[in-house]
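S.K.: A single structure is presented below for examination.
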Amino acid sequence: MSKHKTPAAGLTPSSSRQPDRPSASSRRRRWRAAVPLVLAASVIVVLATRPGRDAAPGPMVSHGEAAHSAGIPRLVDLGADKCIPCKAMAPILIELRTEYAGRMQVDFIDVWKEPSAGDPYRIFAIPTQIFFDGNGKELTRHEGFISKADILATWKRFGYDFASSGPSAPRS
């Protein structure tokens, strides 16, 4: 009897290996591809979940009632930095604040971070925008998302024309 085993009938030594088991070099290649993918996914998860990611850029959030500049019309937006329509409003409010600085005061109050801050305004939904004249008297309010064009049209309806470069006082 010989010391070497002969393969089963119809099998050659190379075909006796299990076809579904990858070779050692194939497994190494898979690990080399998987490790960078896992690292990249970990970095993405860390960056996506870090605090402050959803906050509006710049000094946009006011907590509580902001001081009102005398003689300047004021737009107060009450919302939350995590509410979807409020997030859509954030760039519009920043643009208005920047573009009409000194002619219109724009404030954002986050009523989820400080619930009592919305109490003086008697709001029922967020976002809510409240338009005040230069003396602090409420002119009107709007609930939900509102575009920049609609905000400017609302001001114009009350006599404030921000299209001109002069003061934004209402027409007499």
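All of the numbers you see were taken from the coordinates with simple rules; none came from a lab. Note that the structure is predicted; figures quoted are calculated from it, not measured. Note that we place each Cβ from the backbone using ideal geometry, even for glycine, and neighbour counts take in every protein chain shown.
S.K.: Please compute the net charge surrounding LEU96, taking Lys and Arg as +1 and Asp and Glu as -1 over other residues with Cβ under 13 Å from its Cβ. Display every interim value, and only then the final one.
M.R.: Details: positive: ARG74, ARG97, ARG103, LYS148; negative: ASP77, GLU95, GLU99, ASP107, ASP150.
Once positives and negatives cancel, what remains is -1.
S.K.: Also, I was wondering about something else. Report the FRET efficiency, 1/(1 + (r/R0)^6), for ASP20 and ALA40, where r is their Cβ-Cβ distance and R0 is 30 Å, rounded to 0.05.
M.R.: Numbers: r = 29 Å, r/R0 = 0.96.
Approximately 0.55, to the nearest 0.05.
S.K.: Another question, if that's okay. Which FRET efficiency, nearest 0.05, do PHE145 and ARG122 yield, Cβ-Cβ r, R0 22 Å? Intermediate results must be reported in sequence, preceding the final value.
M.R.: Working: r = 20 Å, r/R0 = 0.92.
In this case the efficiency is close to 0.65.
S.K.: Here's something else I'd like to know. Calculate, in nm to one decimal, what GLU95 and LYS137 gain on full extension: separation in residues at 0.36 nm each, minus their alpha carbon distance.
M.R.: Details: separation 42, 0.36 × 42 = 15.12 nm, distance 2.37 nm.
Residue separation times 0.36 nm, minus the Cα-Cα distance, leaves 12.7 nm.
S.K.: Another one. Taking the Cβ-Cβ separation of LYS82 and ALA33 as r and a Förster radius of 45 Å, what is the calculated FRET efficiency to the nearest 0.05? Intermediate values should be presented prior to the final figure.
M.R.: Details: r = 37 Å, r/R0 = 0.81.
Step by step, r from the Cβ atoms, then E = 0.80.
S.K.: Now a separate question. Determine, for each peptide in 127-136, 28-37, the mean count of other beta carbons within 10 angstrom over its residues, then list the peptides with the highest first.
M.R.: On the way: 127-136: 18.4, 28-37: 9.9.
Put in order of decreasing packing, that is 127-136, 28-37.
S.K.: Using the structure shown, select from LYS87/LYS156; LYS87/LYS113; LYS82/LYS156 the pairs with a Cα to Cα distance greater than 20 angstrom. Each step should come with its number before you reach the end.
M.R.: Values: LYS87/LYS156 25 Å; LYS87/LYS113 15 Å; LYS82/LYS156 30 Å.
Pairs exceeding 20 Å: LYS87/LYS156; LYS82/LYS156.
S.K.: Could you rank the peptides 142-153, 88-99 by their average count of other C-beta atoms within 10 Å per residue, with the highest value first? Could you put the intermediate results ahead of the total?
M.R.: Working: 142-153: 14.5, 88-99: 16.9.
Output ranking for 142-153, 88-99: 88-99, 142-153.
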